[in-house]
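Student: Right, I'll just put the structure down here and ask away after.
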Amino acid sequence: MKKLGLFAGLASSVLLLGACGSEEATPVAATTEDGKTEVVFWHAMSGDLEKALNTQVDAFNASQDDYEVKPIFQGTYEEALTKFNAVAGSEDAPAIMQTFEVGTKYMIDSNKITPVQEFIDKEDFDTSVWEENILSYYQVDGKQYSMPFNSSTPVLIYNKEAFEKAGLDPEKAPRTYDELKEAAKKLTTDGQTGFTMLNYGWFFEQLVAAQGGLYVDNENGRSGDPTKAVFDGEEGQNAFNLIKEMYDEETFLNVGQNWDDMRAAFQSGKVAMYLDSSAGIRTVADNADFEIGASYLPVPNEAERQGVVIGGASLWMGDGIAEETKAGAWEFMKHVSSTEAQAQWHVDTGYFAINPDAYNEPIVEEMWATYPQLKVTVDQLSETKPSPATQGALISTFPQSRQSVVNAMESLYQGVSVEDALKRAADETTSTLGQ
């Protein structure tokens, strides 16, 4: 429930920050004991991901003598964003702020960040070396607001051993809804259900976008501020009908909202196919007692596959900080987006490389030999057709909307009709737009 009021409270605070603004002295860059410009980096990565992030930071700090990046863990994305809001636009703001993708609209509207496009223009930097389908999420009207960092997409994961036992080709996963339903029927046995997906709004958004459907009007909020949710149209109904039909046929397992529970159900053999994040493939493969397969997100038979929307987070540059500090933040962003750095990042985390040339590095080729499923996710992203649908929606109240979609998904299991469940979620989302 914490997420529901997050962006609304943040928006109010941003207005107060703007109202209290006054003429201030030029910010002065903080320096380290050895005279380097200090670049504070707030992030939300813990565990092994934090170790991988620190590897990137250490490599940058050792590569030059002008700047020192200082990474500081700030809790979850929601917690980090709340802390950022308290200092946004001031000298106390971090030089670099990691924010999840659904915070994009909020960060832009805050007017407390420095678009990285300013530095791209200053240097006439060639962004064509970066993956277009990753960059585009964080672009509005051709302007790059942040630097993609940890990016992932959904993928269909399946148990190859279960496929063989059911008489299915383990090298040919279902690509359409009908194929998915038929495979799930054959895979559903005593103790095993054919398919599942988390009750999570992100997967619903992906299923809609894969068909070319929009989430909100005004080109997904990219040609103007959205005024109405439109995900309850044909594409959304297709996705919800798939879930409801399979649940009613008992070929779909309701695993709730916990990622670990979903993965545990797969690894224990309780479910044979499910949707996961591409960044989770290595963990699942390492913990399964059977060979896993990976495939593209299924689409309705009659739909022309459009691709997937980027999830994850990006790096934002603070405002109200010294120009030298901004320069250091930009140098770090360029460093972590380089071929070598991105190859290491992909190997260490499973996240996509923002620089596709990284996939040709020997360390990546070696990892793909062990985890060929990762190449499937890269191919799915590279084949994505750029459009407002696959760019993803821009709304400042995404957490609230996602919760409405979750509630709607769960109501399907209680017998609520697809039309009624979707309409309620769409109406609730529309009511939050403009807040």
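Student: Give me the percent of the accessible area of the chain that comes from carbon and sulfur atoms, probe 1.4 Å, all protein chains in place.
Tutor: Values: 8080 of 17840 Å².
Of all accessible area on the chain, carbon and sulfur atoms account for 45 percent.
Student: Let me have the relative contact order for the chain, percent, based on Cα pairs under 8 Å that are six or more residues apart.
Tutor: On the way: 796 pairs, mean separation 112.0, N = 435.
Over the chain, the number comes to 26 percent.
Student: Across the stretch 392-405, in residue order, what do the Karplus-derived ³J(HN,Hα) couplings come to in whole Hz, using 6.51 cos²θ - 1.76 cosθ + 1.60 with θ = phi - 60° and x for Gly and Pro?
Tutor: Computed from phi, the couplings for the stretch 392-405 are x, 7, 10, 9, 7, 10, 4, x, 4, 5, 4, 5, 4, 5 Hz.
Student: Let me ask you something else. Under 5 Å between amide hydrogens, which residues at least 5 positions from I395 or on another chain qualify, with H placed 1.01 Å from N in the peptide plane?
Tutor: Excluding prolines and chain starts, which carry no amide H, the hits are K105.
Student: Further question: With the Cα gyration tensor of the stretch 348-435 giving a ≥ b ≥ c as the square roots of its eigenvalues, does the rule (a/c under 1.5 for rounded; else a/b larger than b/c for prolate; else oblate) give rounded, prolate or oblate? All intermediate terms of the calculation are to be shown ahead of the outcome.
Tutor: Working: a/c = 3.28, a/b = 2.22, b/c = 1.48.
Taking the square roots of the gyration eigenvalues as a ≥ b ≥ c, the stretch 348-435 is prolate.
Student: Please compute the modelled spin-label separation between N254 and V416, points set 7 Å along Cα→Cβ, answer in nm with one decimal.
Tutor: In this crude label model, V416 to N254 measures out at 1.2 nm.
Student: Show which aspartates and glutamates lie in cross-link reach of K122 when reach means a straight Cα distance below 20 angstrom and same-chain residues fewer than eight apart are skipped.
Tutor: Those aspartates and glutamates meeting the cut-off are D66, D141, D319, E323, E324, E331.
Student: If I histogram all Cα-Cα distances within the stretch 80-166 using bins 10 Å wide from 0, what percent of pairs lands in each bin?
Tutor: Binned Cα distances yield the sequence 13, 39, 25, 10, 8, 4, 0.
Student: Whole number in Å², please: accessible area per residue of the stretch 297-435, 1.4 Å probe, ligands, DNA and RNA not counted.
Tutor: Ligands and nucleic acids excluded, the figure is 35 Å² per residue.
Student: Moving on. Probe radius 1.4 Å, ligands and nucleic acids left out: which of I310, I72 has the largest accessible area, and how do the rest follow?
Tutor: Working: I310 5, I72 55 Å².
Of I310, I72, the descending order of accessible area is I72, I310.
Student: Once the whole set of protein chains is in place, how much accessible area is left on Y215, using a 1.4 Å probe, in Å² to the nearest 10?
Tutor: Looks like 10 Å² after rounding.
Student: Figure the gain on full extension for E50 and D225 (residue separation times 0.36 nm, minus the Cα-Cα span) and round it to one decimal in nm. Before the final figure, lay out each step's value.
Tutor: On the way: separation 175, 0.36 × 175 = 63.00 nm, distance 3.51 nm.
Result for the pair: 59.5 nm of gain on full extension.
Student: Express in % the proportion of alpha carbon pairs of the stretch 190-306 at distances exceeding 16 Å.
Tutor: Summing the P(r) tail past 16 Å for the stretch 190-306 gives 65 percent.
Student: State whether the stretch 21-149 is rounded, prolate or oblate according to the following rule on the C-alpha gyration tensor (a ≥ b ≥ c being the square roots of its eigenvalues): a/c under 1.5 gives rounded; otherwise a/b larger than b/c gives prolate, and the remaining case gives oblate. Spell out each step's value before the answer.
Tutor: Working: a/c = 1.19, a/b = 1.11, b/c = 1.08.
Taking the square roots of the gyration eigenvalues as a ≥ b ≥ c, the stretch 21-149 is rounded.
Student: May I pose another question? Please list K160, K172, K185 in order of solvent-accessible area, largest first, computed with a 1.4 Å probe with all protein chains present.
Tutor: Working: K160 25, K172 145, K185 100 Å².
From most exposed to least exposed: K172, K185, K160.
Student: Using only protein heavy atoms and a 1.4 Å probe, report how much of D357 is accessible, in Å² to the nearest 10.
Tutor: 80 Å²
Student: Here is a further query. In deg cm²/dmol and to the nearest 500, what is the mean residue ellipticity at 222 nm of the chain if only DSSP H runs of at least 4 residues count, each as -39500 (n - 2.57), divided by the residue total? Could you put the intermediate results ahead of the total?
Tutor: Numbers: 20 runs with 201 residues, N = 435.
Helix contribution divided over all residues of the chain: -13500 deg cm²/dmol.
Student: So, one more: Under 19 Å Cα-Cα from K423, which lysines qualify once same-chain neighbours fewer than 8 residues away are excluded?
Tutor: Filter leaves K228, K244.
Student: Which length gain, in nm to one decimal place, applies between K143 and T189 when the Cα-Cα distance is subtracted from 0.36 nm times their residue separation? Kindly include the intermediate steps, with their values, before the conclusion.
Tutor: Working: separation 46, 0.36 × 46 = 16.56 nm, distance 5.15 nm.
Full-extension gain reported as 11.4 nm.
Student: Provide the three semi-axes, in whole Å and in decreasing order, of the ellipsoid equivalent to the chain as defined by the square roots of 5 times the Cα gyration tensor eigenvalues.
Tutor: So the equivalent ellipsoid measures 38, 26, 18 Å along its semi-axes.
Student: Give the angle, between 0 and 90 degrees and rounded to the nearest 10, that separates the Cα long axis of helix 418-432 from the longest principal axis of the Cα atoms of the chain.
Tutor: 10 degrees
Student: Sticking with this one: Averaged per residue, what accessible surface does the stretch 180-240 expose to a 1.4 Å probe, in Å²? Walk me through the intermediate numbers first.
Tutor: Numbers: 2070 Å² over 61 residues.
Here the per-residue accessible area is 34 Å².
Student: Now for a different question. List the lysines whose alpha-carbon lies under 27 Å from that of K375, not counting same-chain residues fewer than 8 positions away?
Tutor: Filter leaves K51, K160, K165, K172, K181, K270, K334, K385.
Student: Determine, from the Cβ-Cβ distance of N241 and D379 and an R0 of 22 Å, the FRET efficiency 1/(1 + (r/R0)^6), rounded to the nearest 0.05.
Tutor: Details: r = 28 Å, r/R0 = 1.27.
My answer for the efficiency is 0.20.
Student: Compute the acute angle (0 to 90°) between the alpha-carbon long axis of helix 177-187 and the principal axis of greatest extent of the alpha-carbon atoms of the chain; round to the nearest 10°.
Tutor: For 177-187 against the chain, the angle is about 60 degrees.
Student: Enumerate the calculated ³J(HN,Hα) couplings along the stretch 38-46 in order (Karplus 6.51 cos²θ - 1.76 cosθ + 1.60, θ = phi - 60°), each rounded to whole Hz, writing x wherever the residue is Gly or Pro.
Tutor: For the stretch 38-46, the Karplus-derived couplings read 7, 10, 7, 10, 8, 9, 10, 9, 10 Hz, x marking Gly and Pro.
Student: Starting at 0 and stepping by 10 Å, how many percent of the alpha carbon pairs of the stretch 253-399 end up in each bin?
Tutor: Bins of 10 Å from zero give 9, 29, 35, 20, 5, 1 percent of pairs.
Student: Which FRET efficiency, nearest 0.05, do D58 and S90 yield, Cβ-Cβ r, R0 30 Å? Before the final figure, lay out the partial values.
Tutor: Details: r = 28 Å, r/R0 = 0.94.
The computed FRET efficiency comes out at 0.60.
Student: Now, a different point. So, in nm, how far is label S128 from label I72 when the simple model puts each one 7 Å beyond its Cα toward the Cβ?
Tutor: 4.1 nm
Student: If packing is taken as the average count of other Cβ atoms within 10 Å, what order do 96-102, 83-89, 364-370, 348-354 fall into, highest mean first?
Tutor: Values: 96-102: 24.9, 83-89: 19.1, 364-370: 14.0, 348-354: 23.3.
Most protected by this proxy first, the peptides run 96-102, 348-354, 83-89, 364-370.
The values are calculated or read from the model by the stated rules, or taken from the named source; none is laboratory data. Fair warning: this is a prediction, and the values are worked out from it, not measured in the lab. Because the Cβ atoms are built from the backbone with ideal geometry, glycine has one as well, and the counts that use them run over all protein chains shown. Remember, those area values only see protein heavy atoms, side chains included, never the ligands or the DNA or RNA. Shrake-Rupley method; radii C 1.70, N 1.55, O 1.52, S 1.80 Å.
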